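What follows is a single structure, written as structure tokens, with notes after it.
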């Protein structure tokens with residue numbers, strides 16, 4: 001099964017619900033741009049190939065105030081900017097932070113994390129804080145992981161970032177007394193049994209606090225479930241809290257403001273397309289780049305730019321088709337660097353010229369562990385692993401670059 005083709009960003013759907021609610025209420029407000037995508041680099045923040053200055057930006061994680069230093073490469077974020085390239089706010093929410101039920105990386109590249117099928121690929125940023133776990137394949141059943149990426153809310157997530165947090169729930173609760181959490185759309189609700197499902201996970205909410213659920217638990221709601229327990233004897237997650245999930249950009253979103261999202265098409269017709277949970281209307285004015293309307297099929301990688309009309313609906317102005325990320329890899333020491341700014345330029349690795357641009361995922365996986373890593377921090381002699389596409393002219397363009405230690409560093 002191609003899990004990537006199941007992916008829709010349920011979180012983004014929640015984000016947009018808040019964004020478009022005021023779509024036509026203030027045509028006199030200044031236009032803004034709202035962009036959803038994974039962070040690819042820092043200095044300030046790069047999302048969907050654009051650099052956003054963050055000096056005056058408010059940062060929110062899981063709805064709470066945070067700082068730029070709390071952000072990491074691979075986190076799926078929504079950036080609201082009121083001026084070209086200047087971020088007004090940045091919001092991030094993960095998809096699941098909980099225990100691994102099964103590791104199928106060697107079989108089909110997926111993990112079962114609290115009932116969610118998490119797909120891991122070459123674009124996923126991986127980090128681990130557990131000794132002996134250095135790759136996704138080494139994650140053990142019971143390990144606590146945090147996943148952010150594209151989620152359909154129905155139990156499928158394409159991970160842009162996978163972080164191993166603790167060896168087990170007991171160790172995790174020492175520093176995280178609020179416990180584990182999972183987000184998704186309620187289905188198969190059985191009121192008499194006080195259970196419902198998120199993905200393949202059965203949630204028992206008999207003793208849970210229901211937060212912001214005026215009509216109680218209902219199929220179709222997008223919720224966050226919190227628990228401090230492992231699965232019970234019936235294989236259920238015992239929740240202590242179930243709350244309506246509506247993280248997103250706070251404040252008014254004016255008519256005609258720009259909205260941009262990158263990802264895989266999860267639904268398409270002659271009149272609309274859905275990407276990362278956001279449905280855009282297609283009409284005679286929609287422009288197509290590197291493809292045509294006929295190429296707009298489930299699984300296609302695209303970037304959609306549009307705006308909110310007077311009815312609060314998203315209308316696509318442009319659909320740009322993007323190529324699949326190459327799994328071709330190159331490893332070696334950096335022989336030379338030619339930079340035009342903090343994250344644009346070329347490097348030479350093993351005699352190959354590699355282009356770095358705003359869309360290149362930049363991650364420091366070395367013992368230096370620099371969070372705000374970009375091209376300006378790379379030095380001649382650094383050992384790197386590069387995922388690239390061949391430009392056909394003797395050069396490569398890096399889709400992902402990770403700086404590593406040339407030799408393994410003892411844990």
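The values are calculated or read from the model by the stated rules, or taken from the named source; none is laboratory data. All values derive from a computational prediction rather than experimental measurement. Virtual Cβ from ideal backbone geometry, glycine too; neighbours counted across all protein chains shown.
Could you go through the range 90-97 and let me know if any residue there is free of Cβ contacts under 8 Å to residues at least 12 places away in the same chain, closer than 30 Å to residue 201 by Cα, outside any loop (DSSP other than H, G, I, E, B) and not assigned by TED's automatic domain parsing to the domain that holds residue 141.
Within the range 90-97 (the criterion being free of Cβ contacts under 8 Å to residues at least 12 places away in the same chain, closer than 30 Å to residue 201 by Cα, outside any loop (DSSP other than H, G, I, E, B) and not assigned by TED's automatic domain parsing to the domain that holds residue 141), the answer is no, since none of the residues qualifies.
Go over the candidates 57, 87, 65, 41 one by one and state the one that is free of Cβ contacts under 8 Å to residues at least 12 places away in the same chain and not assigned by TED's automatic domain parsing to the domain that holds residue 204.
Going through 57, 87, 65, 41 in turn, the sole match is 65.
In contact (Cβ under 8 Å) with a residue 60 or more places away in the chain and either surrounded by fewer than 13 Cβ atoms within 10 Å (Cβ to Cβ) or assigned by TED's automatic domain parsing to the domain that holds residue 134 (or both), is that true of residue 405?
Here the answer is no, as residue 405 does not meet what is asked.
From 323, 312, 392, 345, which residue is modelled with pLDDT under 90 and touching a helix residue (DSSP H, G or I) at 6+ places or on another chain (Cβ under 7 Å)?
Only one candidate passes the filter, namely 312.
When you go through (1) surrounded by 13 or more Cβ atoms within 10 Å (Cβ to Cβ); (2) at pLDDT below 95 one by one for residue 337, which number turns out not to apply?
Result: residue 337 passes all but (2).
Can you run down the residue pairs with Cβ atoms below 6 Å, 6 or more apart or on separate chains, where the first is in the range 106-118 and on the phi > 0 side of the Ramachandran plot and the partner is not in a strand (DSSP E or B)?
From residues that are on the phi > 0 side of the Ramachandran plot, the pairs are 109/120; 115/199; 115/200.
Residue 392 passes all but one of (1) in a loop (DSSP other than H, G, I, E, B); (2) touching a residue at least 60 places away in the same chain (Cβ under 8 Å); (3) under 19 Å from residue 322 (Cβ atoms); which number fails?
(2)
Looking at the range 272-281, can you tell me whether even one residue there is outside any loop (DSSP other than H, G, I, E, B) and over 24 Å from residue 185 (Cβ atoms)?
The answer is no; no qualifying residue exists.
Only one of 179, 184 is assigned by TED's automatic domain parsing to the domain that holds residue 220, buried (at least 16 other Cβ atoms within 10 Å of the Cβ) and under 29 Å from residue 40 (Cβ atoms); which?
Going through 179, 184 in turn, just one is assigned by TED's automatic domain parsing to the domain that holds residue 220, buried (at least 16 other Cβ atoms within 10 Å of the Cβ) and under 29 Å from residue 40 (Cβ atoms): 184.
Counting only residues that are within 27 Å of residue 43 (Cα to Cα) and in contact (Cβ under 8 Å) with a residue 40 or more places away in the chain, how many does the range 307-327 have?
Total satisfying the criteria: 5.
If I go through the range 100-118 residue by residue, how many of them are crowded, with 24+ Cβ neighbours inside 10 Å and in a strand (DSSP E or B)?
Number satisfying all stated conditions: 4.
Given the conditions (1) surrounded by 13 or more Cβ atoms within 10 Å (Cβ to Cβ); (2) within 17 Å of residue 345 (Cβ to Cβ), and given that residue 387 satisfies all but one, which numbered condition is not satisfied?
(2)
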